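Let me begin by presenting the structure, written as structure tokens, before commenting on it.
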């Protein structure tokens, strides 16, 4: 289905994206100011996706769109989040940009309170919406069919993010320390993942009565709220092995977005002791699938005759883009303990028998650059964008 509407939300196939943006007048009125690569950790399968911030050039209002690969189509989700007035001082740009909802509908395991994790972001002074639409279409056309092994959702987000990163335009890149989870299969056994979802949901309800000033650390009130939310979630979860019901992303309540989603999710995981509750069998299985995926992708892309030309073009675009890396100190310091590394190390130990080698990972990164270069060659003129 090219375009589907439900509860005020429109899902637009990438193949119909240009028509949709043109009919809505967005090409004439809007530009792109941010693209963020995120992942969903409350799913039964690995799911990664992008969210794109578009801005009305006249009013300066902006809204967030979600770009993802589904089993039946590559798509943009429009209308899940409303337009935001930058004059509204009650919510900062950082808060809205970091309150990304997970794309659980594609992979199963979405919930009314998604548990997303931000990994890396690009900020632009002004990037053409037409250019972004062109790049997303090129990524799709060069690998149009979803395949669980050779073109899955996290591959799509990798490729699309890298292609957009290569666009000349003075992008500033931010990498959160959570980028270490990129490509990792983080699967928590039921019913603990249900308890985590419920705790995150309950925490947000409690926090509505506690002013949030931002800054590093949680503070005594936040610590107490988190403890209370987790206790209520665990007490109510009846940990009997039952998994949470599957829900669509369209069932989510956008008004419940919270700037602390990433930190809330990891804090809940830590308090629930998920290091001992990982689903080892599923992690091994999906790690093998990922290994097969990246090897098949690498073999195909790196065997193309224009591989070197594509890589060279990507590198030249990246040089022209004047990427400016910057740490997000607020995001990184706010969860600055050993839990992230402990969780990654535990996942690596579980996945080790089926994990790609460092050489295979390096070939995959090379293939991504080659593929992104091929996409950019179709969109960006040799002399760069005007």
Which numbered condition in (1) in contact with a helix residue (DSSP H, G or I) (Cβ under 6 Å, 6 or more places away or on another chain); (2) over 21 Å from residue 190 (Cα atoms); (3) in a helix (DSSP H, G or I); (4) modelled with pLDDT of 90 or more is the only one that residue 294 fails?
(4)
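Residues checked against (1) at pLDDT 80 or above; (2) crowded, with 24+ Cβ neighbours inside 10 Å; (3) within 22 Å of the chain's Cα centre (by Cα); (4) closer than 30 Å to residue 194 by Cβ:
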site	(1), (2), (3), (4)
2	no, no, no, no
42	no, yes, yes, yes
57	yes, no, no, no
72	no, no, yes, yes
81	no, no, yes, yes
86	no, no, no, no
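Return yes or no: is residue 214 out of contact with any strand residue (DSSP E or B) (no Cβ under 9 Å at 6 or more places or on another chain), at pLDDT below 75 and in a loop (DSSP other than H, G, I, E, B)? Break it down stepwise before answering.
On the way: out of contact with any strand residue (DSSP E or B) (no Cβ under 9 Å at 6 or more places or on another chain): yes; at pLDDT below 75: yes; in a loop (DSSP other than H, G, I, E, B): yes.
Criteria met by residue 214.
Could we say that residue 269 is part of a helix (DSSP H, G or I), at pLDDT 85 or above and surrounded by 22 or more Cβ atoms within 10 Å (Cβ to Cβ) here?
For residue 269, the condition - part of a helix (DSSP H, G or I), at pLDDT 85 or above and surrounded by 22 or more Cβ atoms within 10 Å (Cβ to Cβ) - is not met.
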Subset tally (residues that are crowded, with 21+ Cβ neighbours inside 10 Å, in a strand (DSSP E or B) and at pLDDT 70 or above) for segment 111-148:
7
Please work out which residue is farthest from the chain's Cα centre (by Cα), limiting yourself to segment 297-350 and to residues that are modelled with pLDDT of 60 or more, crowded, with 18+ Cβ neighbours inside 10 Å and more than 30 Å from residue 283 (Cβ to Cβ).
307
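The values are calculated or read from the model by the stated rules, or taken from the named source; none is laboratory data. Given the structure is predicted, the values throughout are model-derived calculations rather than measurements. Here Cβ is always computed from backbone atoms with ideal geometry, including for glycine, and neighbour counts include all displayed protein chains.
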